[in-house]
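In what follows, a single structure is set out as structure tokens and then discussed.
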């Protein structure tokens, strides 16, 4: 790779871009911004696909496509998570609420059935992507903001990174903590 810009700049947000994600097929890019919007872009032409998604009332801190490419999730400084149809841009679930402070990271499980979120409230929560309902109690263990969450490829583990300088690896099924690094 030469490091050269292939597509050009994707311009349209009025604030800083906090998160970007490619769709699994590489055809679309989603971006979340401090202008409180999510924008879906054509990855080839660099043009916006539809209007910005305007439902958040706070900075959009994290965006992620589902592995099957049909859904998009966004987390926000407004303490909410929203699930969108990745093609139409329509919000398809009610608000996912449960974090007491800003949501800084969101991702999908490998089967696209669950959303995982990490928050400034120091917790990790798993959600049913279809109903929007929380699954079990939030995972705890970090002593500061959770900046990043990820699911293992087989979906059995959730890793979280925190401002406290640790990575916590937890079981996605039994909700127990495997280890803390």
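Here are 132, 155: which of them is farther than 14 Å from residue 62 by Cα, touching a residue at least 40 places away in the same chain (Cβ under 8 Å) and out of contact with any strand residue (DSSP E or B) (no Cβ under 7 Å at 6 or more places or on another chain)?
Only one candidate qualifies: 155.
Just one of 152, 88 is surrounded by fewer than 20 Cβ atoms within 10 Å (Cβ to Cβ) and more than 25 Å from residue 52 (Cα to Cα); which is it?
Answer to the check: 152.
Please go through (1) surrounded by fewer than 22 Cβ atoms within 10 Å (Cβ to Cβ); (2) in contact with a strand residue (DSSP E or B) (Cβ under 9 Å, 6 or more places away or on another chain) for residue 146 and return the number of the only condition it doesn't satisfy.
(1)
Just the residues that are over 12 Å from residue 39 (Cα atoms) and outside any loop (DSSP other than H, G, I, E, B), please, taken from the range 74-91.
Result: 75, 76, 80, 81, 82, 83, 85, 91.
Anything in the range 109-125 that is surrounded by fewer than 23 Cβ atoms within 10 Å (Cβ to Cβ), free of Cβ contacts under 8 Å to residues at least 60 places away in the same chain and within 12 Å of the chain's Cα centre (by Cα)? List them, or say none. Before you say what the answer is, go through the steps one by one.
Pass one, the range 109-125, residues surrounded by fewer than 23 Cβ atoms within 10 Å (Cβ to Cβ): 109-114, 120-123.
From what is left, the residues that are free of Cβ contacts under 8 Å to residues at least 60 places away in the same chain are 110-114, 120-123.
Once the filter is applied, which keeps residues that are surrounded by fewer than 23 Cβ atoms within 10 Å (Cβ to Cβ), free of Cβ contacts under 8 Å to residues at least 60 places away in the same chain and within 12 Å of the chain's Cα centre (by Cα), the range 109-125 yields only 114.
Going by the structure shown, is residue 12 loosely packed, with under 14 Cβ neighbours inside 10 Å and touching a strand residue (DSSP E or B) at 6+ places or on another chain (Cβ under 7 Å)? Quick ask: steps written out before the conclusion?
On the way: loosely packed, with under 14 Cβ neighbours inside 10 Å: no; touching a strand residue (DSSP E or B) at 6+ places or on another chain (Cβ under 7 Å): yes.
For residue 12, the condition - loosely packed, with under 14 Cβ neighbours inside 10 Å and touching a strand residue (DSSP E or B) at 6+ places or on another chain (Cβ under 7 Å) - is not met.
Do we find that residue 94 is outside any strand (DSSP E or B) and surrounded by fewer than 19 Cβ atoms within 10 Å (Cβ to Cβ) in this structure?
yes
Here, each number is a calculation from the coordinates, and none is a lab measurement. Just so you know, these numbers come straight off a predicted model, no measurement behind them. Cβ: placed from backbone, ideal geometry, glycine included. Neighbour counts: every protein chain shown.
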